[in-house]
1. Placing +1 on the Cβ of each Lys and Arg and -1 on the Cβ of each Asp and Glu in the chain, which of SER25, CYS211, ALA139 has its Cα farthest towards the positive end of the resulting dipole?
2. For the charge dipole of the stretch 96-218, defined by +1 on Lys and Arg C-beta atoms and -1 on Asp and Glu C-beta atoms about the Cα centroid, which residue among PRO96, VAL121, THR201 has the Cα displaced farthest towards the positive pole?
3. Report the label-to-label distance for SER217 and LEU150 in nanometres (one decimal), using points 7 Å from each Cα along the Cα→Cβ vector.
4. With a ≥ b ≥ c the root eigenvalues of the C-alpha gyration tensor of the stretch 173-246, is it rounded (a/c under 1.5), prolate (a/b larger than b/c) or oblate?
5. For labels at ALA243 and ILE157 in the simple 7 Å Cα→Cβ model, what's the distance in nm?
6. Can you tell me the orientation of helix 17-26 relative to the chain, as the angle in degrees between its alpha-carbon axis and the longest Cα principal axis, to the nearest 10?
7. Simple spin-label model, 7 Å along Cα-to-Cβ: ALA116 to ALA189 in nm?
8. Rounded, prolate or oblate: pick one for the stretch 79-126, where a ≥ b ≥ c are the square roots of the eigenvalues of its C-alpha gyration tensor, a/c under 1.5 means rounded, and failing that, prolate if a/b is larger than b/c, else oblate.
Amino acid sequence: MHRQHLRPLTGPSAPPAAQRLNTMSDHLALLQNTPLFTGLSLEALSALLPRLGASVRHYGRGEALVQAGLPSRSVGILLEGELAAARCAPDGAQVPIVRLLPGGVFGDVLGGSSMASPVTVTAQSPCTVLLIPYQQLLAPDGSPEQLLVLHNLLRSISDKYFLLMHRVDLLVLHSLRAKLAAYLLAEAARAGQPTFTIPCTRAQLAEYLNCDRSALSRELSRMQRDGLLDTYRSSFKLLNEAALRSHLQ
């Protein structure tokens, strides 16, 4: 079995300072659009990152950035690659929590806790990550830029709380059709129209709903046959929202 190793956040493997700064500069536009740095100009962000102690790290596929059972004291932003967070169930199965693409933020909820991480965050491909010591975010120097980042951090934590509650609401529904109806109705509401594209593949949707991919495909085919929706890959059109809502009762 392939063992996952936790790469140290500091040490001889860290790239030189000049290389770290160049790497951060290459990704400033991406960082500016993340929940943590929204509202900052490129110039302000470029000047702020060194003051926050930000550093860039590279991880190979299969390496763990955060290990369940160990503390996590950094906030990370994925610059390149793909990450997945999973939790170990009592029976030993890995329960997927979330997948992250470039711009995704992790550790913002875990970093401020006195408890060990309940999840493992693993690189699904070679990854480049920006890491910021959590204590640096909690100790602003009084500048408007750092105060804005602290405000963004608190808002991000609150948003993730509500997203988690939404997923819990889905998982406690008794049937797969009810879970799909709740998920697709929420996505339609977010899009503001009955035709939309979900931000994941069928396999990832099955992981999110904690169901078998084949069962998911069969249920979507039945829902299409029953005139509830049309679907092609990740695109959906809801044809009867009232009927979909009836499955939530």
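1. Sorting the options by dipole projection puts first CYS211.
2. THR201
3. 5.2
4. rounded
5. 4.5
6. Orientation of helix 17-26: about 40 degrees from the principal axis.
7. 3.8
8. Taking the square roots of the gyration eigenvalues as a ≥ b ≥ c, the stretch 79-126 is oblate.
All of the numbers you see were taken from the coordinates with simple rules; none came from a lab. Just so it is clear, the model here is predicted, and its values are computed rather than measured. Because the Cβ atoms are built from the backbone with ideal geometry, glycine has one as well, and the counts that use them run over all protein chains shown.
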